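Since the structure comes first, as C-alpha cells, the remarks are kept for the end.
Quick note: the coordinates plus some simple rules give every number you see, no bench work behind them. Predicted, not measured: the structure shown is a model, and the values here were computed from it. Ideal geometry is used to build each Cβ from the backbone, glycine not excepted, and the neighbour counts take in all protein chains shown.
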Amino acid sequence: MNYGYYPGCSLTGSAHKLDKGIRKVFEKQGHTLKEIPDWNCCGAFEYGDRKELTGFSKKNLEKASGLFSEIVAPCPACYKNLREADEQKEFTITHPLDLFDDAFIGSVKQARDLKGHVFTPYYGCILLRPRETAIQRNTVMEEVISRFGGDVAGEKVKDRCCGGNQIFINKSVTEKLSKLVLEKSKGTIVVFCPLCHMAMKTFSGERKVIYLTDLLLYIMGENKVL
Amino acid sequence: MKNIDQSRIFDLTDYKRQDFSVCLGCKICASVCTVNDLSESTNPQEILQKLFLGKNIPSDDHLVRYCTGCYRCTGACPWNIRIPEVIRALREELATRSPFEKAFKDSVSIWGRVYEPYVIIMAIPFLLKGGYIKHMTRWTEYMGIHLPHKVKRA
C-alpha cells in the first residue's frame, strides 16, 4: 500500500526517533510512505484563530492533492488538524495506530517476545479526544503488548493529560501532571505522541519511556530498547 | 487588567454567543477538568456563562492560564462544546503569549515549519530563568539536531 506521509515538525527534530520508527515499521510490513512535498507546520495548538489554524493544514492538503488520497500522520496534533481541515472528506487521513490492525500485527515477523516486562500504554489526550477525530483502535497498544507476551498495567492513566502543552509556558503544570501519570503507572511507559514523550521523559527519572514503534522494532529484532 | 473584546472571541472560534445558551450548567466539564488535578479551583462552565452574558473574564483566570487543551471537558459535555478552543481564543485576545510561543510562531513565519534549535535559542532568557537548563542533558538524549538548510523556506 502507498501512503502520503505528513511527518510534521516534531518528527524532524525532537521526535526523530518516531519518524525513523514509523518509516522502518511500514517498510518492513511492505508499505510505502512518501512525504507530501514542501509541507508546512500544522500550527499544533499555538493559534487561537481557528481559521488561521485550519489554513495551515488546508495548505498541506492542497500540496497533497492529486498526489495522494490516503495520508498517514503520526503526530496526534498534526493528525487532528489535518482531519479537521479536510472538510470535504477529500482524503483518507489515518493515524498509524488505526493501521496497526490484526492483519498488520499478525504479519509481524517476531524475533523477540516481551515476557517478563511490564508496560503502561499511554495514549494521552489528542489520540482519544475529541471524539470526531479520535482513533478507532483505542486498545491497539494493549493488544500489541499482550500478543507478544508482555504485561499491561496502568489502564486508568491511558487517557490522562501529561500537561505537555504547558511545558514551555508553566513547567510546574507539566511536572505535576506527568508525575501523577508516572505514579499511577507501572514499568515501561509506551507512548505515541511526541509531546507526551517529551513531558514523560523530562520527569520520568529512571523509568523508561519508549515509542510504540520502538517496541515493535524490538519485537522484530531490530533495536534493543528494553 | 485588559478587558476582553468578547466579539473577537466569537470571530476567532466557530462559536456564536447563542451557542453557549444551551449550557445546562451541569458542571461535568469541571468534574473532569485536568486543571483541577493541580488543586486549582476551575469551572469551565463559568467561562461559557460569562461569554454568554457578556461578563468580563479576568486574564489571570486559572483555566485561561493553565488549560492544557486535553479535551476531557469536550468529551464529557452533553453539547460537545470545544472549551479548549474557546480558551485558546481568549489567550489570543489577551495576548498572553510566552516567549516560547512567540519563537514558535516566528519560526513558522520564517521557514513555514518549527525549527527547534531556533526556538530554543530565541527563548534562552526564558529557559534560563524558568529552570529549564537542568533538563537539557535529558533532552539531548533523544533530540536530533539538524541544520537549518534542511528546513524549507516558506
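For this structure, a couple of remarks:
- Each other residue within a Cβ distance under 13 Å of B:Gly75 adds +1 if Lys or Arg and -1 if Asp or Glu, for a net charge of +3.
- Inter-part distance where the range B:52-81 and the range A:56-89 are each reduced to a Cα centre, Å: 27 Å
- For peptide A:172-179, the mean count of partner chain Cβ atoms within 10 Å of a residue's Cβ comes to 3.
- Chain A - percent relative contact order, Cα under 8 Å, separation 6 or more: 19 percent
- Spin-label model, A:Glu35/B:His62: points 7 Å from Cα along the beta carbon direction are separated by 4.4 nm.
- Theoretical gain in end-to-end length, B:Ser31 to B:Ile110 [0.36 nm per residue, Cα-Cα removed]: 24.3 nm
- Length gained on full extension, A:Arg137 to A:Lys156: 5.1 nm, using 0.36 nm per residue less the C-alpha separation.
- The trypsin sites (Lys or Arg not before Pro) of the range B:53-131 that DSSP puts in a loop, and whose beta carbon has at most 13 other beta carbons within 10 Å, are B:Lys55.
- For a 4.7 Å threshold on C-beta separation, the list of partnerless cysteines in chain B reads B:Cys23, B:Cys26, B:Cys33, B:Cys67, B:Cys77.
- For the range B:6-94, pairs of C-alpha atoms spaced more than 21 angstrom apart make up 20 percent of the total.
- Each principal axis of the Cα cloud of chain A was evaluated for its coordinate range; sorted largest first, these ranges are 48, 43, 29 Å.
- Phi to ³J(HN,Hα) by Karplus 6.51 cos²θ - 1.76 cosθ + 1.60 over the range A:7-12, Hz, x for Gly, Pro: x, x, 4, 4, 6, 8
- Radius ratio Rg over Rh of the range B:99-150, counting only Cα atoms, Kirkwood formula for Rh: 0.98
- Reference-scaled alpha-carbon Rg (2.2 N^0.38 Å with N residues) for chain B: 1.24
- The calculated 222 nm mean residue ellipticity attributable to helices in chain B amounts to -13000 deg cm²/dmol, summing -39500 (n - 2.57) over DSSP H runs of n ≥ 4 and dividing by all residues.
- Mean projected area of the Cα convex hull of the protein assembly as shown, taken over all directions, amounts to 18.3 nm².
- Each pair of Cα atoms in the range A:109-219 enters the Kirkwood radius, and Stokes-Einstein at 4 °C and 1.567 mPa s then converts it into a translational diffusion coefficient of 92 µm²/s.
- Mean projection area, nm², convex hull over Cα of the range A:1-135: 9.2 nm²
- For B:107-117, mean number of other protein chain Cβ atoms within 10 Å: 5
- Per-residue mean of C-beta atoms belonging to partner chains within 10 Å, peptide B:128-134: 2
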